[in-house]
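Working notes, structure below.
The values are calculated or read from the model by the stated rules, or taken from the named source; none is laboratory data. Everything numeric here is computed off the predicted structure, so don't read it as measured data. Reconstructed Cβ throughout: ideal geometry from the backbone, glycine too, with neighbour counts over all protein chains shown.
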Amino acid sequence: MLFPSLLAAVEMTDLVVTAVGPVRLVELNRPEQLNAMSEELHAGLASVWDELAADPEARVVVLTGRGRAFSAGGNFDIMTRVQIDAAFRQRNIDEARRIVHGMVRCPLPVISAVNGPAVGLGCSLALLSDLVLIADDAYLADPHVQVGLVAGDGGALVLPLLVGLTRAKELLFLGDRVSAREAVRLGVANHAVPGDRLMDEAMDLAGRLAALPAQALRETKRAVNLHLEQALAHVLEPALLAERDTMCSADHIALVEKIVEARDRRRTGGEG
């Protein structure tokens, strides 16, 4: 066990929250699927921030993924259902809104320990965190546009504040991978860390934050995030609604069908 001081754990199948003293370790737990979203994981991420905020003993959150990925983001099977089920599509958008609001407004500082690829919503989870440590062989990418979607669940909101409009457009339009070194240079990550040291560094940093005066730390986060609150007020809702509309667009449906067909051929060893 990496953390012998583990005191308690609350575990769902796809999301694990562990108490390590005053630190709450939140782990995406679909390692065989590279922590891509499931219905349970998406819903859990929508509700966990309010639960953490209500925990009187919690001081800091560390967010990471189990296995070799932080999160591969979207699940193509869920995308297919979203295309045809309007109620499920709206639920997905409502949960996305709760994830963004929950992370921005969670009074606890959130550290992302990006242990591997952080793609799509996985990238947004990292960008919405307060501090980001990234393994030196990991990368970030937001390929919403490449699959015919608007980057509504975080990228359009926060990237311009971190890297400026021109670079944000480049990253969102093209969906290119951003290496750990480049992420630090751009200011979307604080430090690149050897992978075998990532969780130790993240927990050490969490300990330093937990030792600070809690009210001063929380109110400083709230004050700094007023910049994000302005974006929430003007950017998030139009972006989410635009993303919802593209979830059933002809371009998105065709691109997902092509990706799923290629995936199924690889699984069966068939030829295209």
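Descriptive notes on the structure:
- Of all the listed residues (Leu52, Leu25), the sole one being closer than 21 Å to His101 by Cα, of a type in the set (A, V, I, L, M, F, W, C) and surrounded by 21 or more Cβ atoms within 10 Å (Cβ to Cβ) is Leu25.
- Matching option when the condition is out of contact with any helix residue (DSSP H, G or I) (no Cβ under 6 Å at 6 or more places or on another chain) and in contact (Cβ under 8 Å) with a residue 60 or more places away in the chain, among Ala87, Ala126, Ala69, Ala135: Ala126
- Filter result for Asp142 (farther than 30 Å from Gln215 by Cβ, touching a strand residue (DSSP E or B) at 6+ places or on another chain (Cβ under 6 Å), of a type in the set (D, E, K, R) and at pLDDT 95 or above): no
- Entry remark, the stretch 154-174: residues being on the phi > 0 side of the Ramachandran plot and surrounded by fewer than 19 Cβ atoms within 10 Å (Cβ to Cβ) number 1 in total.
- When the stretch 189-204 is limited to residues that are touching a residue at least 60 places away in the same chain (Cβ under 8 Å) and outside any helix (DSSP H, G or I), the one that is surrounded by the most Cβ atoms within 10 Å (Cβ to Cβ) turns out to be Ala189.
- Some residue of the stretch 212-228 being free of Cβ contacts under 8 Å to residues at least 24 places away in the same chain and under 21 Å from the mean Cα position of the chain (by Cα): yes
- Residues (part of a helix (DSSP H, G or I) and surrounded by 12 or more Cβ atoms within 10 Å (Cβ to Cβ)) located in the stretch 214-232: Ala214, Leu217, Arg218, Glu219, Thr220, Lys221, Arg222, Leu228, Glu229, Ala231, Leu232
- Residue that is farthest from the chain's Cα centre (by Cα), among those in the stretch 247-256 that are among the hydrophobic types (A, V, I, L, M, F, W, C) and not in a helix (DSSP H, G or I): Cys248
- Count - residues of the stretch 124-153 that are among the small types (Gly, Ala, Ser), crowded, with 24+ Cβ neighbours inside 10 Å and assigned to a loop (DSSP other than H, G, I, E, B): 3
- Qualifying residues in the stretch 92-123 (those that are in contact with a helix residue (DSSP H, G or I) (Cβ under 6 Å, 6 or more places away or on another chain) and part of a strand (DSSP E or B)) - the one farthest from Glu51 (Cα to Cα): Ala118
- Among the candidates Val104, Val132, Val158, Val145, residue that is over 16 Å from Met37 (Cα atoms), touching a Ser or Thr at 6+ places or on another chain (Cβ under 6 Å) and not polar (S, T, N, Q): Val132
- In the stretch 235-272, of all residues being of a type in the set (Val, Ile, Thr) and more than 15 Å from Ala86 (Cα to Cα), the one that is surrounded by the fewest Cβ atoms within 10 Å (Cβ to Cβ) corresponds to Thr268.
- Residue count for the stretch 160-183, restricted to those that are among the aliphatic types (A, V, I, L, M) and more than 26 Å from Leu232 (Cβ to Cβ): 1
- Taking residues in the stretch 174-188 that are closer than 15 Å to Ala126 by Cα, and partners anywhere that are among the polar types (S, T, N, Q) and buried (at least 16 other Cβ atoms within 10 Å of the Cβ), the pairs with Cβ atoms closer than 9 Å and at least 6 places apart or on different chains are Val184/Asn190.
Residues checked against (1) more than 25 Å from Leu159 (Cα to Cα); (2) in contact with a strand residue (DSSP E or B) (Cβ under 9 Å, 6 or more places away or on another chain); (3) in a helix (DSSP H, G or I); (4) among the charged types (D, E, K, R):
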position: Ala206; (1), (2), (3), (4): no, yes, yes, no
position: His234; (1), (2), (3), (4): no, no, yes, no
position: Pro238; (1), (2), (3), (4): no, no, yes, no
position: Asp245; (1), (2), (3), (4): no, no, yes, yes
position: Lys258; (1), (2), (3), (4): yes, no, yes, yes
position: Arg267; (1), (2), (3), (4): yes, no, yes, yes
